[in-house]
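The values are calculated or read from the model by the stated rules, or taken from the named source; none is laboratory data. Nothing here was measured: the structure is a model prediction, and the numbers come from that model. Counting neighbours? That spans all protein chains shown, and the Cβs are built from the backbone with ideal geometry, glycine included.
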Amino acid sequence: MDFSVILRTVGSLALISGALSIIISVAEKVLNNYGTCELDINQGQKKLSVQGGSSLLSTLAAEKIFIPSACGGKATCGLCKVQVLEGAGPLLPTEEPYISQQEREEHMRLSCQIKVKGNMRLMIPEELFNIREYICRVESITDMTYDIKLLRMKLPEGETVTFKAGQFMQFYTKPYGKVKEEVFRAYSISSKASEHDHIELLIRLVPGGICTTYVHTVLQEADQVRLSGPYGDFYLRGDCEELIMIAGGSGLAPIRSLVYDVIEKGLPHKMRFFFGANTVRDLYYMEEFAQIERDYPQFKFIPCVARPEPQDNWTGETGFVTVALENQVDSGDGKEAYLCGSPGMLDACIKILKDKGFTDQTIFYDKF
Amino acid sequence: MKENPTNEQLRDTMQEGELVKDGFLGDDQRPVDQIVQEDMALLTTAGFTAERLGAAMRALTHKGMAGMGEEVDAGDYLVKAEEYMGLIGCPFKDNHRAAKRNTTATHKATGRTMMWTDLGIHLIQKHGFFQGKGSTYRLEPLELAAFLGLEAE
């Protein structure tokens with residue numbers, strides 16, 4: 001074949017594919033351009049004009065309305081439900097596992113999954129309007145154990161945060177390494193609710209975890225970080241005489257905040273805190289809780305170590321936290337239980353508590 | 001009707017820094033469906049199914065869970081299942097959410113150790129996906145079958 005024919009053929013093909021790319025690119029822009037959309041919130045109380053095309057969760061966040069989400073918009077936590085009366089389209093397969101029949105009838109949707117493609121009518125609980133964004137400075141990063149760090153963050157001068165002990169914040173990472181986008185995850189607040197100018201979080205390194213790896217390997221003291229919150233309904237009810245608190249690992253965070261809350265408010269509740277650890281090196285805040293126990297007779301601290309080594313000279317409870325719970329809690333009468341930890345530990349403890357007469361109304365936990 | 005994600009969408013979701021820091025593909029350049037097809041062909045030819053492998057992995061993980069983070073004696077194996085807070089979604093977008101749990105199993109007789117996640121079990125059992133070569137949690141199908149002591153059928 002003549003070389004010029006080959007050249008002409010290759011050139012023609014390049015031109016055609018180039019033209020097709022342009023057509024596809026233009027079509028994408030046209031088809032995905034939803035223009036300005038109107039969001040009517042709470043029957044006209046708030047009206048927003050927003051650019052369509054993003055998820056409802058991120059669209060609202062851009063307008064400083066923060067809907068709780070623990071998984072960062074990956075449809076794995078089911079926390080970001082919003083009532084959408086109009087404009088959301090049919091329920092998506094990714095939403096189905098999280099939306100009950102009753103919630104379907106109430107038009108509840110996962111805001112991380114539905115896109116803003118037109119005008120929408122939404123109902124958002126008033127308390128969510130109190131959730132704010134904070135640009136904090138990392139004041140200190142402390143190794144509490146080999147895999148748990150304490151982040152102490154200072155709010156900007158003049159700003160304050162008000163939260164209920166037990167609630168959580170969303171922590172936003174910056175892009176790093178191969179992580180190209182901002183990622184956020186939920187972490188319980190470990191600091192005292194009476195401290196309004198700082199936030200403390202306890203973050204355990206999860207192998208392969210995007211956010212926890214950022215905290216453990218990238219974040220430095222004096223860095224700026226973005227938080228939003230407070231979120232969640234894990235907080236003290238207190239309609240009882242005694243609080244049974246159970247935690248493992250970084251699950252200690254909200255329990256610490258709850259213990260201080262009860263003490264600082266002078267509440268009359270007795271408290272027993274069962275803290276489970278596999279080894280002695282998984283324990284932390286030991287001296288602090290021992291001191292609280294000495295100062296406040298209403299509080300009893302029960303650390304449990306599953307596998308102490310002889311050289312640890314461990315004199316506390318030996319075995320799983322479930323064993324101590326089984327042996328030391330007689331019944332659910334007059335008690336509420338507050339739990340935070342891994343799903344397996346929670347399931348095992350909840351089973352024991354229910355066998356002892358605790359009910360869904362007296363057991364509280366965050367399972368994220 | 002839910003549509004299956006395309007290879008391109010899957011590759012995007014499985015990249016480093018998307019669902020997990022290190023991704024699911026390692027340095028494997030093959031399309032996801034090709035990775036699945038080639039691994040499944042190996043497995044099928046040798047007389048195994050991904051369903052059986054997944055079931056055997058899950059059974060070991062369940063035994064390990066009794067230890068709540070501590071190593072337990074599970075017959076021919078020592079098994080440790082470590083849990084973390086939170087859930088992770090399946091990159092195949094099938095609505096499956098797995099606990100963040102890592103299982104480390106050591107075969108007592110051979111001393112061989114293998115490690116998998118709850119999501120990894122699901123990827124094998126439901127999608128025949130053993131992850132890309134060079135990825136953190138890649139398991140070679142026939143090595144896994146031998147490790148689990150399964151007989152060819």
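Tell me which residues, restricted to the stretch B:12-55, are within 14 Å of another protein chain (Cβ to nearest Cβ) and of a type outside the set (A, V, I, L, M).
B:12, B:13, B:15, B:16, B:17, B:18, B:21, B:22, B:23, B:24, B:26, B:27
Which of (1) under 26 Å from residue A:168 (Cβ atoms); (2) at pLDDT 95 or above; (3) of a type outside the set (Val, Ile, Thr); (4) surrounded by fewer than 23 Cβ atoms within 10 Å (Cβ to Cβ) does residue A:96 not meet, given it meets every other one?
Only one criterion is unmet by residue A:96, namely (2).
Any idea which of (1) under 17 Å from the mean Cα position of the chain (by Cα); (2) surrounded by fewer than 17 Cβ atoms within 10 Å (Cβ to Cβ) is the one residue B:90 doesn't satisfy?
(2)
From the list A:252, A:258, exactly one residue is in a helix (DSSP H, G or I), farther than 22 Å from residue A:141 by Cβ, under 22 Å from the mean Cα position of the chain (by Cα) and not assigned by TED's automatic domain parsing to the domain that holds residue A:167. Which is it?
Working: A:252 fails: farther than 22 Å from residue A:141 by Cβ.
Among A:252, A:258, only A:258 is in a helix (DSSP H, G or I), farther than 22 Å from residue A:141 by Cβ, under 22 Å from the mean Cα position of the chain (by Cα) and not assigned by TED's automatic domain parsing to the domain that holds residue A:167.
Inspect the stretch A:325-340 for any residue being free of Cβ contacts under 8 Å to residues at least 12 places away in the same chain and either outside the structural domain of residue A:256 (by TED's automatic domain parsing) or out of contact with any Phe, Trp or Tyr (no Cβ under 7 Å at 6 or more places or on another chain) (or both) and give the result as yes or no.
Of all residues in the stretch A:325-340, those free of Cβ contacts under 8 Å to residues at least 12 places away in the same chain come to A:327.
Next, only the ones that are either outside the structural domain of residue A:256 (by TED's automatic domain parsing) or out of contact with any Phe, Trp or Tyr (no Cβ under 7 Å at 6 or more places or on another chain) (or both) stay: A:327.
Checked the stretch A:325-340: at least one residue is free of Cβ contacts under 8 Å to residues at least 12 places away in the same chain and either outside the structural domain of residue A:256 (by TED's automatic domain parsing) or out of contact with any Phe, Trp or Tyr (no Cβ under 7 Å at 6 or more places or on another chain) (or both).
So how many residues does the stretch A:193-217 have that are away from chain B (no Cβ under 13 Å), within 18 Å of the chain's Cα centre (by Cα) and farther than 14 Å from residue A:141 by Cβ?
The number of residues fulfilling the criteria is 1.
All but one of (1) within 14 Å of another protein chain (Cβ to nearest Cβ); (2) within 26 Å of residue A:230 (Cα to Cα); (3) in contact (Cβ under 8 Å) with a residue 24 or more places away in the chain hold for residue A:363; state the number of the condition that does not hold.
Going through (1) within 14 Å of another protein chain (Cβ to nearest Cβ); (2) within 26 Å of residue A:230 (Cα to Cα); (3) in contact (Cβ under 8 Å) with a residue 24 or more places away in the chain one by one, residue A:363 breaks only (1).
From the list A:102, A:83, which residue is more than 27 Å from residue A:181 (Cα to Cα), more than 14 Å from chain B (Cβ to nearest Cβ) and in contact (Cβ under 8 Å) with a residue 40 or more places away in the chain?
A:83
Tally up the residues in the stretch B:105-118 that are in a strand (DSSP E or B), within 14 Å of chain A (Cβ to nearest Cβ) and crowded, with 17+ Cβ neighbours inside 10 Å, please.
Initially, the stretch B:105-118 is screened for residues in a strand (DSSP E or B), giving B:105-107, B:113-117.
Within this subset, residues satisfying the condition of being within 14 Å of chain A (Cβ to nearest Cβ) are B:115-117.
After this cut, where a residue has to be crowded, with 17+ Cβ neighbours inside 10 Å as well, the list is B:116-117.
Residues flagged as in a strand (DSSP E or B), within 14 Å of chain A (Cβ to nearest Cβ) and crowded, with 17+ Cβ neighbours inside 10 Å within the stretch B:105-118 amount to 2.
Residue A:179 is checked against (1) over 30 Å from residue A:87 (Cβ atoms); (2) modelled with pLDDT of 95 or more; (3) in contact with a helix residue (DSSP H, G or I) (Cβ under 9 Å, 6 or more places away or on another chain); (4) among the β-branched types (Val, Ile, Thr) and fails just one. What number does that condition carry?
Here residue A:179 meets the rest and fails (2).
If a residue must be polar (S, T, N, Q) and either more than 23 Å from residue B:87 (Cα to Cα) or more than 14 Å from chain B (Cβ to nearest Cβ) (or both), how many such residues does the stretch A:330-356 contain?
At the first step, the residues of the stretch A:330-356 found to be polar (S, T, N, Q) are A:331, A:342.
This time we only want the ones that are either more than 23 Å from residue B:87 (Cα to Cα) or more than 14 Å from chain B (Cβ to nearest Cβ) (or both), so: A:331.
Total satisfying the criteria: 1.
Looking at A:159, A:133, can you tell me which residue is over 16 Å from residue A:56 (Cβ atoms) and either polar (S, T, N, Q) or assigned to a loop (DSSP other than H, G, I, E, B) (or both)? Don't jump to the end; show me each part of the working.
Numbers: A:133 fails: either polar (S, T, N, Q) or assigned to a loop (DSSP other than H, G, I, E, B) (or both).
Result of the check over A:159, A:133: A:159.
Could you please find all residues in the stretch B:73-103 being away from chain A (no Cβ under 11 Å) and either of a type in the set (Phe, Trp, Tyr) or within 17 Å of residue A:342 (Cβ to Cβ) (or both)?
Here is the first cut: in the stretch B:73-103, the ones away from chain A (no Cβ under 11 Å) are B:73-79, B:92, B:103.
Those that are away from chain A (no Cβ under 11 Å) and either of a type in the set (Phe, Trp, Tyr) or within 17 Å of residue A:342 (Cβ to Cβ) (or both): B:77, B:79, B:92, B:103.
Name the residues in the stretch A:277-316 that are within 14 Å of another protein chain (Cβ to nearest Cβ), part of a loop (DSSP other than H, G, I, E, B) and free of Cβ contacts under 8 Å to residues at least 60 places away in the same chain, would you?
Taking the stretch A:277-316 and keeping what is within 14 Å of another protein chain (Cβ to nearest Cβ), we get A:277-283, A:304-309.
Filter once more, keeping what is part of a loop (DSSP other than H, G, I, E, B): A:278-279, A:283, A:306-309.
Residues satisfying the conditions are A:278, A:279, A:306, A:307, A:308, A:309.
Residues that are crowded, with 16+ Cβ neighbours inside 10 Å, in a strand (DSSP E or B) and in contact with a Gly (Cβ under 7 Å, 6 or more places away or on another chain): does the stretch A:194-207 have at least one?
Yes: one or more hits.
Yes/no per residue for (1) surrounded by 18 or more Cβ atoms within 10 Å (Cβ to Cβ); (2) at pLDDT 95 or above; (3) touching a Cys at 6+ places or on another chain (Cβ under 7 Å):
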residue	(1), (2), (3)
B:3	no, no, no
B:8	no, no, no
B:12	no, no, no
B:25	yes, yes, no
B:38	no, yes, no
B:58	no, yes, no
B:94	no, no, no
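Could you run through the stretch A:186-243 and say how many residues are in contact with a helix residue (DSSP H, G or I) (Cβ under 8 Å, 6 or more places away or on another chain) and without any contact (Cβ under 8 Å) to a residue 12 or more places away in the chain?
Of the residues in that region, 1 qualify.
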